[in-house]
Amino acid sequence: MQKALSKRKYVIVLIFYITGILFVMRLFYIQIIDRSYLLSANSNVLRHITQYPARGLIYDRKGKLMVYNEATYDLMVIPRQVKNIDTLELCRLVGIDLPTFRDRMKKIREYSVYRPSVFEKQISKEAYGFLEEKLYKYQGFYVQPRTLRKYGKPIAAHTMGYVGEVSPDICESDPYYKSGDYIGISGIEKSYEENLRGHKGAKIIMVDVFNREKGSFQDGKYDTIAEMGKNLYASLDMEIQEYGELLMTNKKGSIVAIEPSSGEILALVSSPTYDPNLLVGRVRSFNYNILAQDSLKPLFNRALQATYPPGSTFKLVHALVGLQEGVLNLQTRYGCSMGYSFGSVHVGCHAHGGPLDLIGSIAISCNAYYCNVFRTILDNSEFPNQAEGYRTWRNYVTSFGFGSRFDTDIPNVLSGFIPRNEYFDKYYGKNRWKFLTIISLAIGQGEILTTPLQLANLAATMANRGYYYTPHIIKAVGDLNHQQEKYREKHTVPISRQYFEMVVEGMYQVVEYGTAHYYKMDSIPICGKTGTAQNPHGKDHSIFIAFAPKDNPKIAISVIVENAGFGATWAAPIAFLMIEKYLKGSIAKKEVEERMINGNLMNVK
């Protein structure tokens, strides 16, 4: 009998031991492994709020504020805490219907019932005022302050870019970002995201059962302060940018203006454009879809992404290469019988006197002259064949920045196209193509494609007589004392300065008596070159590049107006107006200004 009782005692003790171990294991699981109970308990008394920093401000080159921040609010919810609320009243306050409320809550619960999620984002200051008074009635809901971008003037949309919600892919690849964060999507906002975004902080506050804040947890001992993003100082001149967009109203094309001495971009106009405020806040997705479906493609940045044959502006490059290679000099003359002809090949030209020398060929823009120049470059006795002559010619051309992307702070810059020897070998057979096969390149047509930014850089290189700085859009980060040193590297073209002086004189004569003489200004010596880009789909594109003043240049510019015909018709007067506005601050020929502003070319094909 005693043995049986003893056995029972051991069994009972063992049961207690096993029960105790199970309790300990369960407590360990609850407190250490399964965080849901801790989250549930803490969320009943503590609220962890991310402190989002304001993005850095953006100023223009004169210190005028271009982009700033405006307060907005996200309505957050912790599903587990939501109990006995007036759903219909909350829907009215937020501006949604009941099915939308239920659908959102379902998705949020599927994500987490313990963690806070965004229920309604980007509530305006005005709407928040009404919501704040009654928020105490909605247990589980609270408001988190945020900021949205605001643009003082509706300009430079393509350059500034826009901010949007971060994608899941970025959240996975970059631990800084969490779902619901904002990130720069395009333009400066994208390329300078790490500078502009700042650093997030955190705040822990205590709340009661009625969702009312009761103060900081342990007097803010565990709080961290958000650090505002760095300010940017853009190279853009707001006044010139706005004026350029006004001149390009109802036209398709672009204006790019550069300060030759620094490579800083003064204006970057793409037309048609849009108000950057359209892509801010809750209306961004709706407006983006409208803009994306617009047949005029206002989201397309023509200044950086459109490519065109450079037309007669490329004759400047041919002249420089010919001079450097010794197949051309100031006295070299070629005749023109309404163009250049050889066998069945004919390249047309407009009527003019002749034969012309080098300066006259640039001023009058003779096609026949540059067909001869291109031929002599390829036929140079220094080369074993024309293919090697072409290879040398291409090396000169690419030294100007053509055929490659600039290593710049502007995203989505295209490279254009300067065909290699292998390109012609593929299409015509190795050693089966000659000068006459590619004669259209002599007048900036055929396979050559350039961007407006590259053409403006050509003008800047001419202004500097043989070198350029990488075009860029930001002068300084943080403050004006922190200049961007990486853009101070000088890129020198392998052509002697003396030859640049000769060609620059030709550009000066373009304005004095040549193809752009009508817009000559006595007060500003301007050097320019007209161009017409052939368009197989409709009317040709009008092109003009220029710099001013002739000595000690302050501005270099390219203007392209699509479907506008000759370079002197639309592109040249727009360039002259931009130069005059930048250098003098006012316009003398009001009738020209009025014609450019009011001109409507949108329906021209």
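Taking the Cβ of each residue in E259, E110 as the centre, tally the other Cβ atoms inside 10 Å and list the residues starting with the fewest. Before the final figure, lay out the partial values.
Details: E259 21, E110 9.
With the sparsest Cβ surroundings first, the list reads E110, E259.
Given S124, L304, G567, which one lies farthest toward the positive end of the charge dipole of the chain, if we put +1 on the Cβ of every Lys and Arg and -1 on the Cβ of every Asp and Glu?
About the Cα centre, the residue reaching furthest to the positive side is S124.
Do any of K150/K486; K125/K203; K426/K490; K221/K475; K106/K200 go past 32 Å between their Cα atoms, and which? Walk me through the numbers before you get to the answer.
Numbers: K150/K486 30 Å; K125/K203 21 Å; K426/K490 36 Å; K221/K475 40 Å; K106/K200 29 Å.
Exceeds cut-off: K426/K490; K221/K475.
Could you tell me whether region 246-290 comes out rounded, prolate or oblate from its Cα gyration tensor? Rule is a ≥ b ≥ c as square roots of the eigenvalues, rounded for a/c under 1.5, then prolate if a/b exceeds b/c, otherwise oblate. Show your work: numbers first, answer last.
Details: a/c = 4.04, a/b = 1.89, b/c = 2.14.
Here region 246-290 falls in the oblate category.
For region 283-326 and region 121-143, write down the distance between their C-alpha centroids in whole Å.
Result: 47 Å between the Cα centres.
Size of the dipole of the chain about the Cα centre, Lys and Arg at +1 and Asp and Glu at -1 on the beta carbon, nothing else charged, in debye to 20? Write out the running numbers ahead of the final one.
On the way: 71 positive and 58 negative charges, 506 e Å.
Magnitude of the dipole: close to 2420 debye.
Report, in degrees rounded to the nearest 10, the 0 to 90 angle that the Cα long axis of helix 98-111 makes with the longest principal axis of the chain.
80
Near the amide H of M521, under 5 Å away, which other amide H atoms are found, from residues 5 or more places off or on another chain, if H is placed in the peptide plane?
Hits under the 5 Å cutoff: I526.
Which whole-number percent is the relative contact order of the chain (Cα, under 8 Å, 6+ apart)? Please report the intermediate quantities before stating the final value.
Numbers: 1241 pairs, mean separation 83.7, N = 605.
Result for the chain is 14 percent.
For the pair L246 and S285, what calculated FRET efficiency results from E = 1/(1 + (r/R0)^6), where r is the Cβ-Cβ distance and R0 = 30 Å, to the nearest 0.05? Provide the component values of the computation, followed by the final result.
Values: r = 29 Å, r/R0 = 0.97.
Between S285 and L246 the formula returns 0.55.
Determine the dipole magnitude for region 306-419: charges of +1 sit on the beta-carbon of Lys and Arg, -1 on that of Asp and Glu, nothing else is charged, the reference point is the Cα centre, and the result goes in debye to the nearest 20.
Values: 6 positive and 7 negative charges, 44 e Å.
So the dipole magnitude of region 306-419 works out to roughly 220 debye.
How would you rank 282-292, 528-538, highest first, on the average number of other Cβ atoms within 10 Å across their residues? Don't jump to the answer; show the numbers that get you there.
On the way: 282-292: 13.7, 528-538: 19.8.
Descending packing order for the listed peptides: 528-538, 282-292.
Would you mind classifying the chain by shape? Square roots of the alpha carbon gyration tensor eigenvalues, ordered a ≥ b ≥ c; an a/c under 1.5 is rounded, otherwise it is prolate if a/b is larger than b/c and oblate if not.
Working: a/c = 3.17, a/b = 2.36, b/c = 1.34.
Prolate, because a/c is 1.5 or more and a/b exceeds b/c.
Return one number: the angle in degrees, 0 to 90 and rounded to the nearest 10, between the long axis of the Cα atoms of helix 284-293 and the longest principal axis of the Cα atoms of the chain.
30
Given Cβ point charges of +1 (Lys, Arg) and -1 (Asp, Glu) and nothing else, what value in debye, to the nearest 20, does the dipole of region 253-311 about its Cα centre take?
Working: 4 positive and 4 negative charges, 56 e Å.
For this selection, approximately 260 debye.
Among 369-379, 85-95, how do they line up by average Cβ neighbours within 10 Å per residue, starting with the highest? Please list the in-between numbers first.
Values: 369-379: 23.4, 85-95: 14.5.
Packing order, densest peptide first, comes out as 369-379, 85-95.
So what's the angle, to the nearest 10 degrees on a 0 to 90 scale, between helix 238-247 and the longest Cα principal axis of the chain?
60
Could you please report the charge total around N395, scoring K, R as +1 and D, E as -1 over all other residues with beta-carbon less than 12 angstrom from its beta-carbon? List each step's numbers first, then the result.
On the way: positive: R391, R394, R420; negative: E325, E388.
So the surrounding residues net to +1.
Only counting other Cβ atoms within 10 Å, I'd like T224, T408 sorted with the fewest neighbours first. The partial results should precede the final answer.
Numbers: T224 13, T408 19.
Ascending Cβ contact count within 10 Å gives the list T224, T408.
At a 10 Å Cβ-Cβ cut-off, how would you order F547, F435, fewest neighbours first?
On the way: F547 28, F435 20.
The fewest-first ordering by Cβ neighbours comes to F435, F547.
Run the helix sum for the chain: -39,500 (n - 2.57) per DSSP H stretch of 4+ residues, divided by residue count, reported at 222 nm to the nearest 500 deg cm²/dmol. Don't skip to the end; give the middle numbers.
Working: 21 runs with 213 residues, N = 605.
Helix contribution divided over all residues of the chain: -10500 deg cm²/dmol.
Can you divide the C-alpha Rg of region 47-161 by 2.2 N^0.38 Å and report the result to two decimal places? Provide the component values of the computation, followed by the final result.
Details: Rg = 17.4 Å, N = 115, 2.2 N^0.38 = 13.4 Å.
That works out to 1.30 for region 47-161.
Normalising by the residue count of region 116-247, find the relative contact order in percent from Cα pairs under 8 Å and 6+ residues apart. Intermediate results must be reported in sequence, preceding the final value.
Numbers: 136 pairs, mean separation 27.6, N = 132.
Value for region 116-247: 21 percent.
Alpha carbons only, please: Rg and Dmax for region 266-408, in angstrom.
In Å, with Rg to one decimal and Dmax whole: 21.8, 67.
Is the C-alpha gyration tensor of region 381-536 telling us rounded, prolate or oblate? Criteria: a/c under 1.5 is rounded; beyond that, a/b larger than b/c is prolate, otherwise oblate.
Numbers: a/c = 1.91, a/b = 1.30, b/c = 1.47.
Because a/c hits 1.5 or more and a/b fails to exceed b/c, region 381-536 counts as oblate.
Coordinate-derived values only; no laboratory data. All values derive from a computational prediction rather than experimental measurement. Neighbour counts run over all protein chains shown; Cβ positions are idealised from the backbone, glycine included.
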